[in-house]
Amino acid sequence: MVKKSKLWKAPLCQALRTFAGSVGLTALCMLATLGLLGLDQGETEMPQAEPVSAPVPPVRREAPGDQYVVPLGQAFGIKLFTDGVIVASLSDIYTASGVCCPAAEAGLKPGDYLLEANGMEIQSNQALARYIGKSQGEPVVFRVRRGDEDFEACVTPVFGEGSFKTGMWVRDSAAGVGTLSFYDPKTGGFGGLGHGICDADAGNVMSLKSGEPAAITLCGIIRGLPDRPGQLRGYFASDEALGSLWDNNETGVYGTLDQPPQGEPVLVMEKETVRSGPVKILASIDPSGPKLYDGEIRRVNGGDQPTKNLVLKVTDARLLEMTGGIVQGMSGAPILQDGKLCGAVTHVFTDDPTMGYGIFAETMVEQGRAIAQTEEAKTQDAA
């Protein structure tokens, strides 16, 4: 059974209809909800962003081997397709003989990935729905991935509400808006968001099969208020991809760009040297592109956790006037201290939109370079 997502209620521009045709209804739903997933109480995760040169002053290179990247700060769109389909939720089915949920009875849980059905690769949620509908109640053996474990589950569809069903709501794609953090000239790759793209219902980081960054046009701002997180509103500017995605994990999204952005590389600060004090936030909140805004690091939490390393406060009167502080869509906005890249914005506090969390830039750069090495090894093996 395929879940029918509710469309985003806010009016969008004409180009969004083009995107809906290419990625689907689920993607439109994710465009509105992507940044609200997998949260701790009292904070809201942010959505996603497009490459551009950044107005950052040059920094003197201090020693061979230092890490240099180009800060970006540009809004971009993300289209992500999962490996198989993800079980978003389970529900009961009303049949002539009673109420049941075959998927739950077979041991399936929200967050499981269904990779195969009776030995055949599952290409999409629509394909799975058609297959189950034609099953005539015959058992379907799924190959399932749960975390690092692969196993089989046998589900017997039942007839209810006019067709054969299993009691699963599934999805195969997501889309959203955020901010590119940096371009790494060493690898030709980028990093963005500072947190993973999570499933709207299951809450876990979505497994990436394929995906692409895309140009986005910002067309409005919903200003943030206490307990009402704000949002950058935008639409996909074209069907053409800007590159491809390599990975989606808890520290962000990583990939490559077809056209390397221009800009002056800056030094990536070591985690141990990041301190409380004034910073600049490089963010795009309108079509004019990225600008520097004043902020302050209130606390450094240290590197014993992969994300939420920095407690950040927006102090710039311009940004506070336009957005109320940190809003959904600013995830990944670079944070600069003393002209060096120290982190990226990741979350907003729901009770105080002027404050939020950030991740160490060094963590994202190290992740990006490790992923780039893996991708290079795959290319060499294929050759």
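The values are calculated or read from the model by the stated rules, or taken from the named source; none is laboratory data. Every value quoted in this text rests on a predicted model; they were computed, and no experiment measured them. Cβ atoms come from the backbone with ideal geometry, glycine included; neighbour counts cover every protein chain shown. For the accessible areas, the whole protein counts, side chains as well, though only heavy atoms, and no ligand, DNA or RNA atoms are used. Shrake-Rupley method; radii C 1.70, N 1.55, O 1.52, S 1.80 Å.
Here's the yes/no breakdown for (1) of a type in the set (Val, Ile, Thr); (2) exposed (fewer than 13 other Cβ atoms within 10 Å of the Cβ); (3) without any contact (Cβ under 8 Å) to a residue 60 or more places away in the chain:
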position: LEU128; (1), (2), (3): no, no, no
position: LYS134; (1), (2), (3): no, yes, yes
position: GLY147; (1), (2), (3): no, yes, yes
position: THR166; (1), (2), (3): yes, no, no
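Within the stretch 289-327, the set of residues being open to solvent by 10 Å² or more (accessible area, probe 1.4 Å), within 24 Å of PHE76 (Cβ to Cβ) and in a strand (DSSP E or B) comprises LYS291, LEU292, ASP294. Across the stretch 190-201, the qualifying residues are those that are crowded, with 21+ Cβ neighbours inside 10 Å and over 22 Å from ALA361 (Cα atoms), and the one among them that is modelled with the lowest pLDDT is ALA200. Among the residues of the stretch 357-371, not a single one is closer than 26 Å to TYR68 by Cβ and in a loop (DSSP other than H, G, I, E, B).
The residues of the stretch 322-369 that are charged (D, E, K, R) and at positive phi amount to a single one, ASP338. Checked against the criteria, LYS186 counts as open to solvent by 10 Å² or more (accessible area, probe 1.4 Å) and assigned to a loop (DSSP other than H, G, I, E, B).
The residue pairs whose first member lies in the stretch 315-327 and is in contact (Cβ under 8 Å) with a residue 40 or more places away in the chain, whose second member is open to solvent by 10 Å² or more (accessible area, probe 1.4 Å) and in a loop (DSSP other than H, G, I, E, B), and whose beta carbons are closer than 7 Å, counting only pairs six or more residues apart or on different chains, are THR323/ARG223; GLY324/ARG223; VAL327/PRO229. For GLU212, indicate whether it is open to solvent by 40 Å² or more (accessible area, probe 1.4 Å), in contact with a Lys or Arg (Cβ under 8 Å, 6 or more places away or on another chain) and among the charged types (D, E, K, R). Yes; evaluated as a whole, the condition is true for this residue.
The residues of the stretch 83-100 that are among the aliphatic types (A, V, I, L, M) and open to solvent by 30 Å² or more (accessible area, probe 1.4 Å), listed by number, are LEU90, ALA96, VAL99.
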